[in-house]
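Notes for the one structure printed next.
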Amino acid sequence: MGTAANALPADLELDARADRGSARPWWRTAVVYEVYLRSFADADGDGLGDVEGLRSRLTHLADLGVDALWVTPWYPSPMADGGYDVADYRDVDPRFGTLADVDALLADAHDLGLRVVVDLVANHTSAEHPWFRAALAAGPGSPERARYFFRDGRGGGAEPPNDWISAFGGSAWTRVREPDGAPGQWYLHLFAPEQPDLDWGHPDVQEEFDGIVRFWLDRGVDGIRVDAAPAMAKAPDLPDAGHPPGASFDAGSWVGNPHWDVDEVHEVLRRWRRIGDEYAGDRLFVSEAVVNGPERLSRYVRPDELHTTFNFDWLKAPWDARALRAVVDGTLAALAPVGAPATWVLSSHDETRHVTRFGRAHSGAAVMGFDAAAPTDLALGLRRARAAALLTLALPGGAYLYQGEELGLPEVEDLPEEVLQDPTWERSGHTARGRDGCRVPLPWSGDRPPFGFSPDGVVPWLPQPPGWRDLTVAVQREDPSSTLSLYRAALRLRRDLPDDDALRWLDLGADVLAFDRGPWRCVVNLSRHPLPLTGLGRPVLTSEQVGGELPPDTAAWLVTG
């Protein structure tokens, strides 16, 4: 008789539901669920996800077994970059709800034992922010322009001030029309032109964001995710970066870049940490920091800076035992001296969903998820994704899940061109489709779109594939072998893992990852051959149904002793 995938043994179930009772801060081992708000749940029937939709589905997250949710920006925004172009940091966009809705969300989440992390976009504002509009109106040399990076162009003013590039393609500079109508200065935007970069050396900027951080902490949020943290400091005098023509925004490979991972950014992070430490409840700061290697990443989580940071090396690693182990070893070694926990992540709203990329010949992620189209074997990708979930959730530290990965959702690669909204599509001259394929609204129930995301008859902001009828929450909840059931079982069992960062590798072959954490053992077979399980322990959870052997691209959790 084979061991059923996702089965939770009766003698472990009560222990698995128990809290660890650790005195260590919650965020050291937390599993946080990313809510991409536009695509989670639509309560008001406009085809766009909203705060009330999220609130109505909180029980899904509680039943799943996560510890917290991170919500992408809900601030007023023109939506040039899906809400990451903020016009007002102390309010909620009417399309998403109201501050009262947020207060109700926080209360309900806390009642369910869920913490809430909000997104802080501090490198740039929207071009519609009052500060930037005032800067455009004031003209060159004005105090209003000093809050941003306005500079005269080169070549008599007709060329950008330097060679810096945008993450979405093309130059990082846009020229403005001055109040008199004449072509004038250029302003910096490391992302879209609608997202002008703030100058973090300016005291107005520092003091304004002190107030914004306090505003949300006072309101009761449990943490703040810092968007694009390495962008917030620039080298003095803004020197050329040496980007060759057509260079991509490959921040993970840069060394000594003048507009990314500049050391002065850590002064900003320390400032916020001091504010957060004034509040009770172990408030969290987590950074999005794509930098060159784990040693540079560890600088963002030194004892007086942020608490955790996303591990993009893990997200971008291919399905290869050597590559994955190298990331684990490098991450743990770099973080140990600063005392910070690792934070593992497989997908996000910026990256190709890992079900799809794990089914490709090249299974690593490209820059910002802008992978070139490539054939994928979705059955193989799903098998590997399920194994990767058990591998990830067994590692020391915390983890972030991206909405829909608990359903095994693939990337939607055939969205019609007319519905694409990612700024990369236009900035690349329609050569890179961008990130819309990982942002398609979730399927909750029913046998046709909108699958319970919106009321029947409403067309969501991005179309859902009809085939997702087999992947809805309602369908998977009733199937003990589903990906949803696997995640629920793993998250329950994970609470019994040792509450420390110790990990001991086992040698079961070059293409097998195996390690112990106390009496718990994780074994992942990345080889092409079955792996005998005899003598390895008692299986308590497997990513696929197994007998006496662990098939290729399959993971198992076992108890030894």
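The values are calculated or read from the model by the stated rules, or taken from the named source; none is laboratory data. This one's a predicted model, so the numbers in the text were calculated from it and none came from an experiment. So basically every Cβ, Gly included, is an ideal-geometry build from the backbone, and we count neighbours across all protein chains shown. For accessibility, only protein heavy atoms count, side chains too; no ligands or nucleic acids. Shrake-Rupley method; radii C 1.70, N 1.55, O 1.52, S 1.80 Å.
Quick one: is Pro498 without any contact (Cβ under 8 Å) to a residue 60 or more places away in the chain and within 26 Å of the chain's Cα centre (by Cα)? When the stated conditions are applied, Pro498 passes them. What pairs come out if I take residues in the range 161-178 that are farther than 12 Å from His259 by Cβ and pair them with residues that are β-branched (Val, Ile, Thr) whose C-beta lies under 6 Å away, six or more apart or interchain? From residues that are farther than 12 Å from His259 by Cβ, the pairs are Phe168/Thr424. Looking only at the range 318-333, filter to residues that are free of Cβ contacts under 8 Å to residues at least 60 places away in the same chain and either open to solvent by less than 20 Å² (accessible area, probe 1.4 Å) or within 20 Å of the chain's Cα centre (by Cα) (or both); which one of those is farthest from Gly509 (Cα to Cα)? Checked the range 318-333; the qualifying residue farthest from Gly509 (Cα to Cα) is Thr331. Mind checking which residues of the range 276-290 are closer than 20 Å to Val71 by Cβ, in contact with a helix residue (DSSP H, G or I) (Cβ under 8 Å, 6 or more places away or on another chain) and open to solvent by 10 Å² or more (accessible area, probe 1.4 Å)? Passing the criteria: Tyr279, Asp282, Arg283, Glu288.
Of the residues that make up the range 217-231, is at least one touching a strand residue (DSSP E or B) at 6+ places or on another chain (Cβ under 7 Å), surrounded by 14 or more Cβ atoms within 10 Å (Cβ to Cβ) and farther than 20 Å from Leu306 by Cα? No: zero hits.
Residues in the range 481-490 include none that are over 20 Å from Arg325 (Cβ atoms), in a loop (DSSP other than H, G, I, E, B) and hydrophobic (A, V, I, L, M, F, W, C).
Considering only the range 434-457, state which residues are more than 21 Å from Leu64 (Cβ to Cβ), touching a residue at least 24 places away in the same chain (Cβ under 8 Å) and surrounded by 16 or more Cβ atoms within 10 Å (Cβ to Cβ). Before you say what the answer is, go through the steps one by one.
Filtering the range 434-457 down to residues more than 21 Å from Leu64 (Cβ to Cβ) leaves 434-437, 447-450, 454-457.
Narrowing the set further to residues that are touching a residue at least 24 places away in the same chain (Cβ under 8 Å) leaves 434-437, 450, 454-455.
If the condition is that a residue be more than 21 Å from Leu64 (Cβ to Cβ), touching a residue at least 24 places away in the same chain (Cβ under 8 Å) and surrounded by 16 or more Cβ atoms within 10 Å (Cβ to Cβ), then Gly434, Arg435, Asp436, Gly437, Pro450, Ser454 are the ones that fit.
Checking the structure you have, find out if any residue of the range 430-448 is within 30 Å of Pro539 (Cα to Cα), at pLDDT 95 or above and not β-branched (Val, Ile, Thr). Checked the range 430-448: no residue is within 30 Å of Pro539 (Cα to Cα), at pLDDT 95 or above and not β-branched (Val, Ile, Thr). Here Ala109, Ala127, Ala137 are screened, and the one residue that is open to solvent by 10 Å² or more (accessible area, probe 1.4 Å) and more than 22 Å from Ala228 (Cα to Cα) is Ala137. Of the set (1) at pLDDT below 95; (2) surrounded by fewer than 24 Cβ atoms within 10 Å (Cβ to Cβ), all apply to Asn311 but (2).
Looking across the range 398-432, just one residue is out of contact with any helix residue (DSSP H, G or I) (no Cβ under 8 Å at 6 or more places or on another chain), closer than 30 Å to Leu484 by Cβ and outside any loop (DSSP other than H, G, I, E, B), and that is Tyr400.
Of the numbered criteria (1) under 19 Å from Val35 (Cβ atoms); (2) touching a His at 6+ places or on another chain (Cβ under 9 Å), the one Glu417 fails is (1).
Among the residues of the range 143-184, those identified as in contact with a helix residue (DSSP H, G or I) (Cβ under 8 Å, 6 or more places away or on another chain), of a type outside the set (A, V, I, L, M) and more than 16 Å from Ala241 (Cα to Cα) are Glu144, Arg145, Arg147, Tyr148, Phe150, Phe168, Pro179.
This table checks each residue for (1) out of contact with any Phe, Trp or Tyr (no Cβ under 8 Å at 6 or more places or on another chain); (2) under 17 Å from Asp88 (Cα atoms).
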position	(1), (2)
Val213	no, yes
Leu217	no, yes
Gly223	no, no
Ala229	no, no
Ala235	yes, no
Pro239	yes, no
Gly246	yes, no
Gly252	no, no
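Looking across the range 49-77, the residues that are over 15 Å from Gly452 (Cβ atoms) and either among the aromatic types (Phe, Trp, Tyr) or in a loop (DSSP other than H, G, I, E, B) (or both) come down to Gly65, Val66, Asp67, Trp70, Thr72, Pro73, Trp74, Tyr75, Pro76, Ser77.
Considering Asp237, Asp263, the condition of being within 30 Å of Glu144 (Cα to Cα), of a type outside the set (Gly, Ala, Ser), open to solvent by 30 Å² or more (accessible area, probe 1.4 Å) and free of Cβ contacts under 8 Å to residues at least 12 places away in the same chain is satisfied by Asp237 alone. In the range 82-97, the residues that are surrounded by 23 or more Cβ atoms within 10 Å (Cβ to Cβ) reach residues that are among the aliphatic types (A, V, I, L, M) and assigned to a loop (DSSP other than H, G, I, E, B) with C-beta atoms within less than 8 angstrom, at least six apart or across chains, in these pairs: Tyr84/Val121; Asp85/Met79; Asp85/Val121; Asp85/Ala127; Asp85/Ala192; Val86/Val121; Phe96/Leu48. Scanning the range 511-552 for residues that are part of a strand (DSSP E or B) and open to solvent by less than 60 Å² (accessible area, probe 1.4 Å) yields a count of 19. For first residues located in the range 290-313 and under 15 Å from Gly397 (Cα atoms), partners that are of a type in the set (Asp, Glu) and open to solvent by less than 40 Å² (accessible area, probe 1.4 Å) and lie 6+ apart or on another chain with Cβ distances below 9 Å form the pairs Thr309/Glu288; Phe310/Glu288; Phe312/Glu288; Phe312/Glu351. Listed conditions (1) over 23 Å from Arg435 (Cα atoms); (2) open to solvent by 10 Å² or more (accessible area, probe 1.4 Å) are all met by Ser171, apart from (1). Scoring Leu508 on the criteria (1) assigned to a loop (DSSP other than H, G, I, E, B); (2) modelled with pLDDT of 95 or more; (3) open to solvent by 60 Å² or more (accessible area, probe 1.4 Å); (4) farther than 26 Å from Gly82 by Cβ leaves a single failure, condition (3).
Among Ala182, Ala158, Ala192, which is the only one that is in contact (Cβ under 8 Å) with a residue 40 or more places away in the chain and among the aliphatic types (A, V, I, L, M)?
Working: Ala182 fails: in contact (Cβ under 8 Å) with a residue 40 or more places away in the chain; Ala158 fails: in contact (Cβ under 8 Å) with a residue 40 or more places away in the chain.
Testing whether each residue is in contact (Cβ under 8 Å) with a residue 40 or more places away in the chain and among the aliphatic types (A, V, I, L, M) leaves just Ala192.
Count, please, the residues in the range 543-556 that happen to be under 12 Å from Ala387 (Cβ atoms) and in contact with a Gly (Cβ under 9 Å, 6 or more places away or on another chain).
Filtering the range 543-556 down to residues under 12 Å from Ala387 (Cβ atoms) leaves 543-544, 546, 550-556.
This time we only want the ones that are in contact with a Gly (Cβ under 9 Å, 6 or more places away or on another chain), so: 546, 556.
Residues in the range 543-556 being under 12 Å from Ala387 (Cβ atoms) and in contact with a Gly (Cβ under 9 Å, 6 or more places away or on another chain): 2 in total.
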